[in-house]
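The values are calculated or read from the model by the stated rules, or taken from the named source; none is laboratory data. Remember, it's a predicted structure, so these values are computed and weren't measured experimentally. We place every Cβ from the backbone using ideal geometry, glycine too, and count neighbours over all the protein chains shown. Calculation scope for accessible area: heavy atoms of the full protein, side chains included, ligands and nucleic acids excluded. Shrake-Rupley method; radii C 1.70, N 1.55, O 1.52, S 1.80 Å.
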Amino acid sequence: MRTTTKKLKNAVTQIKVTFDKKEWAEAQDAALKRLATRVKLDGFRPGKAPVAMIKARLGKQAIYDEATDQILQKRYADIMKKAEVAPIAQPTLNIDSVDNDNLKITILCPVKPEVELGEYKGLEVKKGRVTVAKKDIEAQVENYRHQFAELTTKENGEVAKGDTVVMDFEGFIDGEAFEGGKAENHSLEIGSGQFIPGFEDQMIGMTCENEKDVVVTFPEDYQATELAGKEATFKVTVHEIKEKVLPEADDELAKDVNIEGVETLDQLKDHIKAQLKSQKENEVENKFFSDLTQALIECCKVEDSEALLNSELDTMLREVEMNLQQQGLSFELYEQFTGKNKDAIKADLTDQAKDRVKLNLILAAIVEAENIEVTDEERNSELETIANTYNRDLEEIKQIFAQNMYQIDADILNRKALDVVKENLKK
């Protein structure tokens with residue numbers, strides 16, 4: 001057996017293999033014996049017919065195919081060892097030539113992409129400051145006022161923004177009523193944006209039992225494609241107008257919000273401030289991580305890998321499906337809502353997937369460059385964190401990850417590599 005290797009682009013190594021005449025002949029003989037047991041010829045027990053008759057019944061190609069499968073199963077590990085190649089995904093195989101005397105094949109092996117680390121120490125990335133403005137706190141108090149507002153009927157008033165109306169409506173396109181365009185005693189808050197753009201604005205100024213034609217155009221991307229982009233006239237009758245009466249921003253409002261430990265307006269504001277601070281800290285941390293990883297990706301050179309990209313896209317698609325399941329949605333229903341199938345979603349995720357692949361490869365290279373290791377203490381701490389997060393017994397978590405501890409180690413190593421980058425940011 002002779003092998004030659006060649007490095008191709010996109011992290012693929014080509015291995016050309018030529019099997020010698022003797023080995024290939026032995027493989028064909030073994031294949032013929034295996035196949036002969038499956039051939040039924042009148043007057044002969046399975047496997048006992050003359051070789052020439054069995055060959056004639058099977059045909060050369062069937063013998064070649066069986067021999068190729070068997071010789072590759074037997075010699076695959078030797079081929080990879082001789083070529084000094086470690087595939088990271090399923091290789092593809094092509095038969096270059098085959099006859100009675102020789103078998104020549106080409107194997108394309110996805111391999112670990114090459115990474116050229118740049119100056120990952122000394123990156124210029126700044127973390128934003130966290131501030132909570134007084135106006136943000138007051139805005140949340142105002143939200144609570146609206147949340148706990150009471151609706152009172154306007155006896156002789158007109159519809160105004162913020163009012164809730166009870167109405168009948170029926171829609172027509174070119175004088176014909178359309179399905180789904182009719183409702184009775186429907187409640188709508190004016191200004192909420194629940195209806196087609198322009199609909200709610202045209203209702204302002206209407207009075208009770210006043211009928212009006214509201215003319216709107218459905219958006220071009222409207223979910224019901226048969227209505228998208230078309231002009232419609234809605235005949236609208238208002239039966240009742242209710243206006244919001246906002247409560248005072250005082251201690252009573254704070255009690256109505258019903259937050260443990262909050263009894264006064266000042267305590268409510270403190271609570272809001274703490275929540276906003278935590279939210280902004282998360283936003284700042286997320287942006288810092290995004291900026292840091294993007295800077296890291298840009299300073300290093302990473303060879304493209306179609307195999308790793310496809311694997312990452314599959315992982316991300318599973319994440320999408322899991323998120324949908326948690327929301328009680330099936331993928332089929334999501335596809336109906338969005339008009340996007342799995343291929344379209346993958347296309348949307350491709351740039352993000354490329355960055356994920358590059359980042360993981362860069363962090364792995366930093367781990368190697370910095371001789372970073374995982375201690376038993378760090379591994380146990382990680383398992384304890386997982387157990388506490390999911391309220392599970394520690395021993396149970398250890399059993400779950402017993403065969404996949406590399407996942408735990410990989411997470412720890414990635415964080416430690418990223419810590420090296422953070423600790424060496426340009427001041």
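Of the residues making up region 301-315, not a single one is under 24 Å from residue 223 (Cα atoms) and within 15 Å of the chain's Cα centre (by Cα). Mind counting the residues in region 203-231 that are part of a loop (DSSP other than H, G, I, E, B), under 26 Å from residue 339 (Cβ atoms) and of a type outside the set (Asp, Glu)? So the count comes out to 10. Considered as a group, the residues in region 155-202 that are part of a strand (DSSP E or B), under 18 Å from residue 215 (Cβ atoms) and of a type in the set (Asp, Glu) include one that is most open to solvent (accessible area, probe 1.4 Å), and that residue is 176.
With without any contact (Cβ under 8 Å) to a residue 40 or more places away in the chain, surrounded by 13 or more Cβ atoms within 10 Å (Cβ to Cβ) and out of contact with any His (no Cβ under 8 Å at 6 or more places or on another chain) as the only criterion, which of 377, 382 stands out? Result: 382 is the single residue among 377, 382 that is without any contact (Cβ under 8 Å) to a residue 40 or more places away in the chain, surrounded by 13 or more Cβ atoms within 10 Å (Cβ to Cβ) and out of contact with any His (no Cβ under 8 Å at 6 or more places or on another chain).
Can you tell which of 407, 399, 403 is open to solvent by 100 Å² or more (accessible area, probe 1.4 Å), outside any loop (DSSP other than H, G, I, E, B) and either under 24 Å from residue 364 (Cα atoms) or basic (Lys, Arg) (or both)? So the residue among 407, 399, 403 that is open to solvent by 100 Å² or more (accessible area, probe 1.4 Å), outside any loop (DSSP other than H, G, I, E, B) and either under 24 Å from residue 364 (Cα atoms) or basic (Lys, Arg) (or both) is 403. Scanning region 77-124 for residues that are open to solvent by less than 50 Å² (accessible area, probe 1.4 Å) and β-branched (Val, Ile, Thr) turns up 79, 85, 98, 105, 106, 107, 111, 115. In summary, residue 214 fulfils each of the numbered conditions (1) more than 38 Å from the chain's Cα centre (by Cα); (2) open to solvent by 30 Å² or more (accessible area, probe 1.4 Å); (3) under 30 Å from residue 157 (Cα atoms) with the single exception of condition (2).
Across region 300-341, the number of residues qualifying as open to solvent by 90 Å² or more (accessible area, probe 1.4 Å) and part of a helix (DSSP H, G or I) comes to 8. In a helix (DSSP H, G or I), touching a residue at least 24 places away in the same chain (Cβ under 8 Å), in contact with a helix residue (DSSP H, G or I) (Cβ under 7 Å, 6 or more places away or on another chain) and under 30 Å from residue 250 (Cα atoms) - does that describe any residue in region 124-133? No, every residue in region 124-133 fails to be in a helix (DSSP H, G or I), touching a residue at least 24 places away in the same chain (Cβ under 8 Å), in contact with a helix residue (DSSP H, G or I) (Cβ under 7 Å, 6 or more places away or on another chain) and under 30 Å from residue 250 (Cα atoms).
The single residue among 274, 347 that is of a type in the set (A, V, I, L, M, F, W, C), part of a helix (DSSP H, G or I) and farther than 30 Å from residue 224 by Cα turns out to be 274. Looking at region 348-357, can you tell me whether even one residue there is β-branched (Val, Ile, Thr) and more than 30 Å from residue 116 (Cα to Cα)? No, that holds for no residue. Residues of region 349-367 that are surrounded by 13 or more Cβ atoms within 10 Å (Cβ to Cβ) and free of Cβ contacts under 8 Å to residues at least 40 places away in the same chain: 349 alone. Residue selection: residue 45 satisfies the criterion of being modelled with pLDDT under 70, more than 30 Å from residue 303 (Cα to Cα), surrounded by fewer than 19 Cβ atoms within 10 Å (Cβ to Cβ) and out of contact with any Cys (no Cβ under 8 Å at 6 or more places or on another chain).
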